[in-house]
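Here's the structure we're looking at; comments come further down.
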């Protein structure tokens, strides 16, 4: 669990770690103003676009195998980014980093869900998992500011290498391989259509920030994504082994959780983008100090994580998530009032602390609900779908909410979270079913011997 969480922390950290370093990267490598955003976008495009395909690959080819390949790919790409001498080298490196993340992230989360099959232990494990993911995104801003100001922007990529080595050395000794039972194959047409639809949508949304919604390329990319999604649904209805089985989407808990996650992610990604700009412009903070101002955010997330599983087990998933969303709404509205000349302690910090606790409360509950009832057959798919929704929600949020300006964007984000709360209140069951626990997960049935030699083939 520690190794998997360490890798997840690294993967999510790379979502945001380049944000503060972009000006230094531009000056040293000679990026043009129009090309610089692709240092960020290339990662999101690969990560968000390939998640569903890689999640299903993990189920069918082996979760540990796909995880280790993804981590190795991420490490090689991180080294290439840290040594880049030309703009195109860094952009390609970031795309390969995103591909490695798409392979490793869903496989890691699915291994966590299978390591902890009981309802209470899985809730606690996913509480830690979701909270550390949020902490990784926040830490990326702090680490980026510190390394960029004190060392070099190259350090934000090279710091990944020790984590990669630890994971590649230790994980094969700690976790046995696990596969979906049976001989089901990968639905290649469905995988290609789903990946192409996701890539097209993410590309169009990321381009909105550069050119606006009137750009013909944006309109064409979104229209193409819609057409591909329709073709995907048609292909899945006829496929013998569909990429996303209808029964999987028939779960009301998982569907509502992913819908609420989409709205929540829109608000939080836009908030992170807008607040960092506001702190550096309206409050006049340098990059390093701007990153340091996010440290209390991490403390609040940890506090929310500690409370999350305890609250959800006591009052149920629906009420816990509604409570968490209300806390997030309060934090967003407080932060939306920050303006030029305000002080950090009196005007930024209160809203930041409230919002960070709300994040810590929300993410673990949403993660647990998004994989509710998953088994060894579809744990990778459930994890990939949840992560894909987060990434696409983030791209939609930055593209649509960030253009409203600071105060308007955060207020719109609060409205998105309120819509998520309404969705949860109306449709989410009060208590989830919890994971389905195959008999093979009991202690007496676990295979003995070296973990690396065990081959788990759980039957539902």
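Read-outs: derived from the displayed coordinates by stated rules, not from any lab. The shown structure was predicted, so the numbers you read here are calculated from the model rather than taken from an experiment. Counting neighbours? That spans all protein chains shown, and the Cβs are built from the backbone with ideal geometry, glycine included.
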**Complete:** A correct fewest-to-most ranking of 219, 156 by other Cβ atoms within 10 Å would be 219, 156
**Asked** Given a cut-off of under 8 Å on Cα pairs at least six residues apart, what relative contact order in percent is computed for the chain?
**Response** 24 percent
**Fill in**
When 15, 27, 215, 59 are arranged by how many other beta-carbons sit within 10 Å of their Cβ, fewest first, they go 27, 215, 15, 59
**Message:** At a 10 angstrom cut-off on C-beta neighbours, averaged per residue, how do the peptides 276-282, 365-371 rank from highest to lowest?
**Reply:** 365-371, 276-282
**Radius of gyration and maximum dimension Dmax of the chain, Cα, Å** = 21.0, 64
**Prompt:** Mind checking the log10 I(q)/I(0) for the stretch 138-189 at q = 0.16, 0.20 Å⁻¹? Debye, one equal scatterer per Cα, no solvent, two decimals.
**Reply:** -0.70, -0.78
**Fill in**
Ranked on Cβ counts within 10 Å of their own Cβ, fewest leading, 404, 109, 305 go 404, 305, 109
**Asked** Given the C-alpha centroids of the stretch 140-161 and the stretch 337-387, what is the distance between them in whole angstrom?
**Response** 24 Å
**Asked** Given a cut-off of under 8 Å on Cα pairs at least six residues apart, what relative contact order in percent is computed for the stretch 187-242?
**Response** 49 percent
**Message:** At 222 nm, what value in deg cm²/dmol follows for the chain if DSSP H runs of at least 4 each add -39500 (n - 2.57) and the sum is divided by all its residues, to the nearest 500?
**Reply:** -25000 deg cm²/dmol
**Two-decimal Rg to Rh for the stretch 155-242 - Kirkwood Rh, Cα set** = 1.18
